[in-house]
Amino acid sequence: MDDSRDLILDELAFSEFPKTHEMLRAGLSEGTAPGIVAGYWDFRQKNRIRALGLGVRRVGGAPIDVETFFDLSSVTKVFATATLAAVLVDRGWISWDTPLRSILPEYPHSGIELRHLLSHTAGLPAWEPFWEKLRSRFTPRELYRVSIRERQSAMRELVFSVPPGASPGERAVYSDLSFLLLGFALEQVTGMPLDQAVRKFVWDPMGVRDAFYRRVNRRAESAVLEQVAATENCPWRGAIQGQVHDDNCWAMGGYGGHAGAFAKIRDLLQFARSLMTGFLSSETRRAAWSRVSSPAGCLRTLGWDTPGAVETSARGLSDRSVGHLGFTGTSLWIDPERGLAIALLTNRVHPTRENIKIRAFRPRFHEVLVQEILALK
């Protein structure tokens, strides 16, 4: 369903969005991030998106514009992995209730279903520094010199070795490990590396042409992509601009179920438009965007966050909204009640992840932009 050719990108004009402009410029001046790209899609104007880019791609570098790519970090979970799972549910290749061990029989822990991985209710811990173990395992070889096949295999072994700390469905803990496992499972189902499966089953049919994963086979400083916003000046990898920021994703080769995707704002809003206009069956989309019933009070869906699950970052959007945040300073929110999708892309981790001003900026930005969008109606 490639309908991207008729998608027009217009500037988020000051004359219609003065408060949003003021908010974005204040974000830059206050040091929220060196660069910001913001935009939205409105169901009433299906073939049009509006966006604006301000700031710089790296300190002392080229200016940000709407053609700048960003490391999406955990927004990859919905932009790629969770949506690939939904596509395969639509095709009948898997179900939400498919046991993980029926796909990966070598996984040593029973009782986990795909729905548990998607909703972060599998009982797995949030994160482990697997990259440190991989560096130690392959010493004296530098990780980028080790084949991606070896690194992916070693990462799978490490993830499999971590036991759940709770029974499936007992509690919700946001978990990169859950999405790493989900990625391995989807590779098994499709018979393809995850980055290729996402391209074939999600991005290409949606007309998302420019998004990409970048496999790691060079040093960071020799793999700079100027069209990508820089992320962190990493203490062990150096300055990063065009390789994935997430350490575990980088260590395993540049793609994983939890992170790795790069995209422009057009890609994210095209993706959101596709989901809102029939890319998935209504039954599958409704299931993917409904809060799970177990454990009681869980505010997550099958892959997505809801406003209550992430404090107030989606302020101004309806309670039916779904979205996701990325550690690098990115976010995507879709409001099916209002027919809106809003993307906010920043490089707030450049030059350091210690900058957390994005936490206060996100909710204020969404509230102001939504107010000005609604005022147009």
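Below are the figures for this structure:
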quantity: For peptides 68-76, 10-18, 117-125, sequence by mean Cβ density within 10 Å, most packed first; calculated: 68-76, 117-125, 10-18
quantity: Label-point separation, Ala62 to Glu106 (7 Å along Cα→Cβ), nm; calculated: 4.2
quantity: Kyte-Doolittle at least -0.5, axis length at least 24 Å by Cα - qualifying DSSP helices, the chain; calculated: 358-375
quantity: GNM result for the chain, Cα springs below 10 Å: residue of Gln227, Gln188, Gln243 fluctuating most strongly; calculated: Gln188
quantity: 20 Å binning of all Cα-Cα separations within the chain, expressed as whole percents from 0 upward; calculated: 31, 60, 9, 0
quantity: Rotationally averaged projected area of the range 1-118 (alpha carbon convex hull; nm²); calculated: 11.6
quantity: Asp10 long-range amide H proximity, modeled H, under 5 Å; calculated: Ile49, Arg50, Ala51
quantity: Contour excess over end-to-end distance, with Cα ends at Arg215 and Phe138 and 0.36 nm allotted per residue; calculated: 25.9 nm
quantity: Sum of side-chain charges, Ala223 neighbourhood, beta-carbon under 12 Å (Lys, Arg +1; Asp, Glu -1); calculated: +3
quantity: Spacing of the two label points (7 Å from each Cα toward its C-beta) at Glu157 and Arg25, in nm; calculated: 5.7
quantity: Order of Thr83, Thr139, Thr346, Thr301 - criterion: other Cβ atoms within 10 Å of each residue's Cβ, fewest first; calculated: Thr139, Thr301, Thr83, Thr346
quantity: Length gained when the stretch Asp6-Glu283 is fully extended (0.36 nm per residue, less Cα-Cα span); calculated: 97.0 nm
quantity: Dipole of the range 178-251 [Lys/Arg +1, Asp/Glu -1 at C-beta], most positive-end residue of Cys249, Leu182, Ala197; calculated: Ala197
quantity: Vicinal HN-Hα couplings computed from phi for the range 51-56 (Karplus, 6.51 cos²θ - 1.76 cosθ + 1.60; Hz; Gly/Pro x); calculated: 7, 8, x, 9, x, 10
quantity: Stokes-Einstein translational diffusion, the range 101-229 - Kirkwood Rh over all Cα pairs, 0.890 mPa s, 25 °C, in µm²/s; calculated: 148
quantity: Rough spin-label spacing in nm, given labels placed 7 Å along Cα→Cβ, for Arg44 and Ala375; calculated: 1.5
quantity: Amide proton proximity set for Ala239, modelled H, under 5 Å, gap of 5+; calculated: Cys234
quantity: Beta bridges by DSSP in the chain, antiparallel share as percent, to the nearest 5; calculated: 85
quantity: Assigned charges on the beta-carbon of Lys, Arg, Asp, Glu; the chain dipole about Cα centre (debye); calculated: 260
quantity: Charge tally in the Cβ shell below 14 Å around His21, where Lys, Arg are +1 and Asp, Glu are -1, His21 excluded; calculated: 0
quantity: For Thr277, Thr32, Thr231, order by how many other beta-carbon atoms lie within 10 Å, fewest first; calculated: Thr277, Thr32, Thr231
quantity: Residue order, fewest to most beta carbons within 10 Å, for Leu143, Leu177; calculated: Leu143, Leu177
quantity: In the chain, lysine pairs with alpha-carbon atoms under 30 angstrom apart (chain gap of 8 or more, or interchain); calculated: 15
quantity: Hz values of 3J(HN,Hα) by residue in the range 233-246 - Karplus curve (6.51, -1.76, 1.60), Gly and Pro given as x; calculated: 7, 6, x, 10, 10, x, 5, 10, 8, x, 10, 4, 6, 4
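Since every read-out is calculated from the coordinates, none of them should be taken as a lab result. Worth saying up front: this structure is predicted, and the values here are computed from it rather than measured. Positions of Cβ are backbone-derived with ideal geometry, glycine not excepted, and every protein chain shown enters the neighbour counts.
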